[in-house]
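Quick note: the coordinates plus some simple rules give every number you see, no bench work behind them. Everything quoted here is computed from the prediction, not taken from an experiment. Using ideal geometry, Cβ is built from the backbone for each residue, glycine included, and neighbour counts are taken over all protein chains shown.
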There are 2 protein chains.
Amino acid sequence: MPDIAKLLWPKSVAVVGASSDTRILRGRVFEIIRGHPFAGEIYPVSRSAAEVQGVKAYPSIEALPQPADLAVLIVPAEFVPAELERCGRAGVKAAVILSSGFAEAGEAGTRMQREIAATARRYDMAVEGPNTEGFANIAASLCANFSPAMDQSAGPLTPKRPLGRGEISIISQSGGLGFAFFDRARPRQLPFRYVVTTGNEAALETSDFIDYMLDEGGTDVFLLLIEAVKTPEKFKRVAEKALKAGKPLIVRKIGQTEPGRRAVASHTAVLAGSQAAYRAVFDRYGLIEGRDFDEMLDIASGFLACGDRMPLGNRVGICTSSGGAGVWMADACAAAGLDVPMLDDETRATIDAHLPAYATSQNPVDSTAQGVQKLGYARFAQLVARSPLVDGVIVVITARRSAFLEADLPKLKELARESSKPVFMWTYTLPAERTIEILNEAGYPLFTDALGCARTLRAMAEYWVLRERLLRPLETATHAPGRAKAAALLAQSGGVLCEYRARPLLAAYGIGADNAGTLARSAEDAVAAAQAIGRPVALKVQSDDIAHKTEAGAVALNVSGANAVRAAYDQVLASAKRHAPAARIAGVLVQPMAAPGREIILGVNRDPTWGLMLMVGLGGVLVEALGDVALAPVPLDHAAARGLIARLKGAPLLGGYRGSPPADIEALADIMAALSQFAADHAEDIAAIDLNPVIVRAKGEGVSVVDALIVKRDAEPAERRGAAE
Amino acid sequence: MPDIAKLLWPKSVAVVGASSDTRILRGRVFEIIRGHPFAGEIYPVSRSAAEVQGVKAYPSIEALPQPADLAVLIVPAEFVPAELERCGRAGVKAAVILSSGFAEAGEAGTRMQREIAATARRYDMAVEGPNTEGFANIAASLCANFSPAMDQSAGPLTPKRPLGRGEISIISQSGGLGFAFFDRARPRQLPFRYVVTTGNEAALETSDFIDYMLDEGGTDVFLLLIEAVKTPEKFKRVAEKALKAGKPLIVRKIGQTEPGRRAVASHTAVLAGSQAAYRAVFDRYGLIEGRDFDEMLDIASGFLACGDRMPLGNRVGICTSSGGAGVWMADACAAAGLDVPMLDDETRATIDAHLPAYATSQNPVDSTAQGVQKLGYARFAQLVARSPLVDGVIVVITARRSAFLEADLPKLKELARESSKPVFMWTYTLPAERTIEILNEAGYPLFTDALGCARTLRAMAEYWVLRERLLRPLETATHAPGRAKAAALLAQSGGVLCEYRARPLLAAYGIGADNAGTLARSAEDAVAAAQAIGRPVALKVQSDDIAHKTEAGAVALNVSGANAVRAAYDQVLASAKRHAPAARIAGVLVQPMAAPGREIILGVNRDPTWGLMLMVGLGGVLVEALGDVALAPVPLDHAAARGLIARLKGAPLLGGYRGSPPADIEALADIMAALSQFAADHAEDIAAIDLNPVIVRAKGEGVSVVDALIVKRDAEPAERRGAAE
């Protein structure tokens, strides 16, 4: 692994391709680097100019008076591989490749990108890019990029009065968006450590930078902008490492929609993967998804300002002096899933003593303009924070004038020291710069978006609960004999395993043993099997070539009596042959009818990026019309399975709904955990599993797997298509 | 109706209660008024001071050298009624009551508020408030308010280079939020006409101000912030007037959630009403709902900049030079319901000629930084706008530097003149002030939020379609004899009409005639009725005291044969008596079983603000677990009913779903229109109607009403509760 410190903390920098023309990117890069007080040497390298922007230039990287630590390459793509090779030979240990025209630009570019990766490996160089906008190391005042947001004219790199005691780093595949985070954060005076934009990730990828920064320790909160994760296993590993370290990863994955994915593909030449699978992985590792720049910055500033002062629950007290703004914030809290409870009588009595008669202490606590003028924001917040019914406080302020807060500053600082609960500020007018400085100094995050403020409090409340839950080792355990048996059966099977062949594999994991059934190869077989079962049965044609038996008319339900069984046998067989004359038919499965209950769909599918994901959904219209399903990477344990079920929109239907008894969620979670373990144990071989439907009965009465299908990874595409028909 | 012009355009203003202490509100108001170049006279009125802030003061409103047009009252609540009376006597024609402590503060306050209203009526005075923050007339430089956003120090009232040719007005019940819109719009340099905050609306309400401004004509776009509409009929009338005038009303209703509603009630002492009903009314009159300040300002600036240049559809072309930002915008467009189609080959070829090889013209069209540098934003947008496959263009820019746009200005102006399609700008970095001025001058709205940009384009595309549809007169027609018959039956009935009594009323409107059934008073009656029907029947106990027959076990389905009918008759009767021993039982309804189909729930309910609303939902889990219903005010016609059905999340289930035939949506829409007409014709008498379920069969096969219940408005509360049990 190359040393990323050489990239981010070089002592000297060479800009290969630097120009004196600051209207073009080659000139801009050099101008921006020199515009900030970076303490190291900066060498322009130019084939044609003896001097660049007044600085002596060198004809090649090898001609420098000493090897540079870092080379910034901005030459046409076709020259980059040779230039990087030259850097390696010259002992340069890190490079930023700003040039475009690689994997995003077709085959020749992809070839050149592979060459770059190989050169980086060969010389153990830390290489960022290509097709990147570069990076900034704020503490070192090093801006190796061409972002207009890093122009000297855009303002200083470090704010006058930063919020909190920690630092934020941004890692973004997109250069424009990465630096936009930094730029948009400027008015908030947030402290940043690094902005890294990774581009095509020929060598170093997002995960490598997270990993380095976690080890380095200077970053407290991460903002991530992801187009596609390149090495999923590495990403999961560093995500878990961040979670263990208690350093929140605030993330947005772009390319969520069809035109977005199309653009990602052409932009960085990677497969964007399924958004739902990304979300499932984010959930699994406690990443916090943000919807846009501002919300992500909101969440970052909440974590930064509050340090360990985390909300212990979802209950919030709102202090306001504008009735309407209090209502606005109450709506936002409810939308974010926070409770705004009526305050307790004791707290209300204490507050009422300070407020005019026409104010109200219920929550939102509306002091009116007169009331807050008397009391001050700090004292007001303090009274509300003391209520045992709230876990955090949001103070609605108008930050347009700073004078009032200025006078309140000593008390604000006192409250910040004293309160164990987070106190947030939301302003409905625009804030004056001085207001921001006062609040940063006192340690309060200031929000201008009500929903962003409420979502931040919610995300913080969830993070520590999630962290505890997610870091607990999964309570999964595979059963070695079952595993070996299933592996052997799987090895013997063809690409598609219809129900009678899938069941023994699942049974090895304790799945669906209650109604395995008997494969009948004649009508008399079927009659005998039905008699042995002794109650109404289902008959289902078994063929690896017919995945959807019901559509083929090759299923008979609720059959009883020898004659009826015999007739049903003939009928399902005839239907199957009519539907698929060439299908190889193994026989007819005779099973006891499952006792009725709620229909659930369980499945395992392979995401192109993240591998096997368990899927659960409530059968019927919820899955089919509304797509109400939940995903998680395999394996998961009983508790995680319960969590997954709870994420379904239709979950209330399982919980004892309209007088019907609660469903056997325990048994459902057990079977989900077992199925996920089966999938994880045989991940190399499995493409997909369908248990559809699974019948979940009332609590204590268990579940039945009514149908099963396994598709192996080596199934011919045609066979897979047939199975999916 | 008092003359609102006297309030908003006075020639002279008296501030009653003015003070020299500018730390308190009474001093702030006077300071703020004087801080702007209002051309009229300003008189301080003070009981105690001979001079206020250096201006000669008068001891009372009657002592002024001439009657003021407008009195601004900021004296304690208990003095306000007498002071207003004094204003009336002195010939003052308008007043702003800034004082708090009225209906929001209990009974005594409510009485004083009534007195104010009476005085306003008596003197025909235009009275704003009480409990308001006041107003601003931007053109007149009159700031009769105490908002920190209107401080002289907050900046000039009119921007240096405003966007567009029209003006925006803000009308808000909340003072803080109303002026916050103005404040937050400042960096965008948007042109405003009025900011009016209406407070408790003792006399003038939001609708009155909209009405005045529509007549006056100076306002092109309205921003509304509503806590509760006071006079629903008036609001509907002015909303329709605005729609006819093509002046968009961009609205947010606050108090959407329980704590929010609690706060509204204590804040302005009005019932907040059902959010769903408000939304239904907004939909009916083409109001555009915004989610927060910024989105509402986004939508306003879109309408303002584009004038008549409206998008004729949902298809958008995205121009970008940052790949990642293009993806971000494509995601936002998809989230807003816009299409980002692949461009046509001809357009692509034209664009490709200008771009480097590693750029892409598919859409988002990614020129790369190099490409746009050569082409310029205007020319780039022009090429995309010419594609016949797009209705509007979004240009992704970085507005941090203005120099590039400055050079492009002549071409930007040319494009604005030439293009019939709207062109929007979205910047991912923060904009420089000069960039905003350049784009305002050229006439392009600049967005910083991607979703807000996309939502604006979508809202504009919908507005003109909606406007055409909504202004078309409803195709409803009541049938006079049916109406008279239903009215007579309704007059004879008690408070709750169970099915056999509800059906004749509905039948008078052509609803549910196919399976009216026969009321049997003995088992033999029932057998005879079943024989006459000649196919399986349902038997249902009829009692106005038992609204939920199924739960009472007082329903038998699918009964055939004389013995079975007889047994079912006895059984449902016995169950009913067991369930409700005191219930008065009219008999048992014998009906043909309805042919199967999709279950729909139709209902009519009375919203406390908006009156009767028709509700439709898909029966089963969609309604019951997910609350998937749609509402509209009655009456609605066939086309509106179809629109309502389409708004259900489960609507795809009706449209020919998974191979099942499409449902008879035409017949369903017919019955919805008829039911809504019935409700509208008898609105005075009706509290609620339930048709649950209605069975909708395949296209052409019609619908059946399987159960019906009507509750009259004069039903005793106890009786109503019984019916709802």
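The calculated 222 nm mean residue ellipticity attributable to helices in chain B amounts to -12000 deg cm²/dmol, summing -39500 (n - 2.57) over DSSP H runs of n ≥ 4 and dividing by all residues.
Of the DSSP beta bridges with both residues in the protein assembly as shown, give the percent that are antiparallel, rounding to the nearest 5. Bridges in the protein assembly as shown that DSSP calls antiparallel: roughly 50 percent. For B:K540, list the lysines whose Cα falls under 24 Å from its own Cα; do not include residues on the same chain fewer than 8 positions away. Output for B:K540: B:K549, B:K577, B:K712. What separates the Cα centres of the range B:99-158 and the range B:593-648 is a distance of 41 Å.
Once you sort the root eigenvalues of the Cα gyration tensor of the range A:330-477 as a ≥ b ≥ c, which label holds: rounded (a/c under 1.5), prolate (a/b larger than b/c) or oblate (the other case)?
Prolate.
Looking down the axis that turns chain B into chain A, the chain B residue with its beta carbon nearest that axis, and the gap rounded to whole angstrom, comes out as B:V621, 3.
Here's how it looks for A:S274: its modeled amide H is under 5 Å from those of A:T609, which are all 5 or more places away or on a different chain. Summing charges over all other residues whose Cβ lies under 11 Å from the Cβ of A:L519, with Lys and Arg as +1 and Asp and Glu as -1, gives +2. For chain A, the alpha-carbon coordinates run over 97, 79, 40 Å along the three principal axes, in decreasing order. Sorted shortest first, the separations between the B:P536 label point and its copies elsewhere in the assembly read 1.4 nm; each point sits 7 Å from Cα along the Cα-to-Cβ line. For chain A, the longest principal axis of the C-alpha atoms and the axis of helix A:206-216 are separated by about 60°. Axis of helix B:450-471 versus longest Cα principal axis of chain B: the two differ by about 60°, to the nearest ten degrees. Taking 0.36 nm per residue of separation and subtracting the current Cα-Cα distance, fully stretching the chain between A:E51 and A:V465 would add 143.2 nm. Position B:E684: other-copy label points at 8.3 nm, ordered by increasing distance, label point 7 Å along Cα→C-beta. Evaluated with a Cβ-only charge set (Lys, Arg +1; Asp, Glu -1), chain B carries a dipole of roughly 220 debye about its Cα centre, given to the nearest 20.
The phi-based Karplus calculation (6.51 cos²θ - 1.76 cosθ + 1.60; θ = phi - 60°) puts the 3J(HN,Hα) values of the range A:540-557 at 9, 4, 10, 8, 5, 8, 10, 7, 10, 5, 5, 4, 7, x, 9, 9, 10, 10 Hz, whole numbers, x for Gly and Pro.
The phi-based Karplus calculation (6.51 cos²θ - 1.76 cosθ + 1.60; θ = phi - 60°) puts the 3J(HN,Hα) values of the range B:641-648 at 5, 4, x, 5, 4, 5, 7, 5 Hz, whole numbers, x for Gly and Pro. Taking the DSSP bridge list for the range B:58-158 and keeping only pairs wholly inside it, about 35 percent are antiparallel. Counting only DSSP beta bridges whose two residues both lie in chain A, roughly 50 percent are antiparallel.
Counting every pair of alpha carbons in the protein assembly as shown, the share spaced more than 69 Å apart comes to 13 percent. Computed from backbone phi with θ = phi - 60° and the Karplus coefficients 6.51, -1.76 and 1.60, the 3J(HN,Hα) list for the range B:680-696 is 5, 5, 10, 4, 4, 9, 9, 9, 7, 9, 10, 10, 8, x, 10, 9, 10 Hz; x is used for glycine and proline.
What separates the Cα centres of the range B:335-403 and the range B:470-494 is a distance of 56 Å. Using alpha carbons only, how many degrees (0 to 90, rounded to 10) separate the axis of helix A:25-34 from the longest principal axis of chain A? In chain A, helix A:25-34 runs at an angle near 60 degrees to the longest axis. Taking amide H as placed 1.01 Å from N in the peptide plane, the amide H of A:L142 sits under 5 Å from that of A:N137, each at least 5 places away or on another chain. A cut-off of 5 Å between modelled amide H atoms, ignoring neighbours fewer than 5 places along the same chain, links A:V395 with A:C319, A:F424, A:M425, A:W426. Just tell me which lysines come within less than 30 Å, Cα to Cα, of A:K93; anything on the same chain fewer than 8 places away is out. Straight-line reach from A:K93, under 30 Å: A:K6, A:K11, A:K56, A:K230, A:K234, A:K236, A:K241, A:K247. Ascending distances from the A:S153 label point to its copies in the other chains, with the point 7 Å along the Cα-to-beta-carbon line: 3.1 nm.
Over the range B:122-213, Cα pairs under 8 Å with separation of 6+ residues give a relative contact order of 40 percent.
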